[in-house]
Amino acid sequence: MTMKVAPEILRSTAHAAVDARLESGMTVGLGSGTAASLAVERIGELLSSGELEDVRGIPTSEKTARLAREVGLPLLDLSGPDVTIDGADEIGEGNLSLIKGHGGSLLREMMVASCGYLVVVADASKLVNELGRGSLPVEVEPFGWEATVAALSSLGCEATLRTDPNNPELPFVTDGGHYTVDCMFGPMPDPASLEAEIRRIAGALECGIFVDLARVAYVAHEEVTDIMEA
């Protein structure tokens, strides 16, 4: 498996994505996680220097919203972003299918990504031949979550309720007030069909399979940034 790159290399890759894909007057969807934070910081730098003007952001998490305010990026509620910049937990090399949601902002990330041109920023360790190397997050309604876990397990996975990292006796709660179930399916030869099965489960609000959404990925390697088009 490819190792993660140094932080400064991922930063350069995030900056390259912002510089290439963002223009003055645009509305930009702001993802969550390390790569998205680096992109937000770059947008703030360009606004401060005057190289970008009249850019508005749509954050997918409260953490991202706080960072955007700190760097002087005005925020909007969900509308139609011209471009969305976000990270990914897994990237299918052949078609830019994604696994997302390990950061805990799955539903909002899907809502924003579905509205605009999705640009992914990640390091090469996230590249996979086939999705399913790690767990698949599913955001679920807290009411009846045990039944939802049982239904997910019936699809052939090991489903585990995510716990609060600061208090493992409590469930992790998303910004939207939901729970997250992490599902180990193993390799996914047909992620779109699996996504459709999960969506039929009552209580499963969103799953972390992003198919036919990413249009380009900026992937950081030690020596070069690989730009992959869908």
Rounded to the nearest 20 debye, dipole of the chain from Cβ charges on Lys, Arg, Asp, Glu:
220 debye
Starting from the amide H of V140, placed 1.01 Å from N in the peptide plane, find each other amide H under 5 Å away whose residue is 5 or more places distant or on another chain.
Y179, T180, V181, L205
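Would you calculate a helix-derived [θ] at 222 nm for the chain, using -39,500 (n - 2.57) for each DSSP H run of n ≥ 4 and dividing by the full residue count, to the nearest 500? Write down the numbers at each step before the final one.
On the way: 6 runs with 66 residues, N = 230.
Theoretical 222 nm ellipticity from helices: -8500 deg cm²/dmol.
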Rounded to whole Hz, the Karplus (6.51, -1.76, 1.60) HN-Hα couplings of the stretch 189-205, x for glycine and proline
x, 9, x, 5, 5, 5, 4, 4, 5, 5, 5, 7, 7, 5, x, 8, 7
Mind checking which lysines have their Cα closer than 20 Å to the Cα of K4? Skip sequence neighbours fewer than 8 apart in that chain.
K100, K126
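Can you give the FRET efficiency to the nearest 0.05 for S125 and V71, using r as the Cβ-Cβ distance and R₀ = 22 Å? Display every interim value, and only then the final one.
Working: r = 27 Å, r/R0 = 1.22.
For R0 = 22 Å, the calculated efficiency reads 0.25.
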Simple spin-label estimate for T34 and E222 in nanometres, 7 Å along Cα-Cβ:
1.6 nm
Exposure proxy order (Cβ contacts within 10 Å, fewest to most) of V71, V119, V224, V28
V224, V71, V119, V28
Charge dipole of the chain built from unit charges on the beta carbon (Lys, Arg +1; Asp, Glu -1), centred at mean Cα; most positive-end Cα among S125, G176, L47 is G176
Here, T163 and S49, labelled 7 Å along Cα→Cβ, have an inter-label distance in nm of 4.6 nm
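Only the coordinates and a few stated rules stand behind these numbers; no lab work does. As the structure is a computational prediction, the values presented were derived from the model and not from experiment. In this analysis, Cβ positions are derived from the backbone assuming ideal geometry, glycine residues included, and neighbour counts consider all displayed protein chains.
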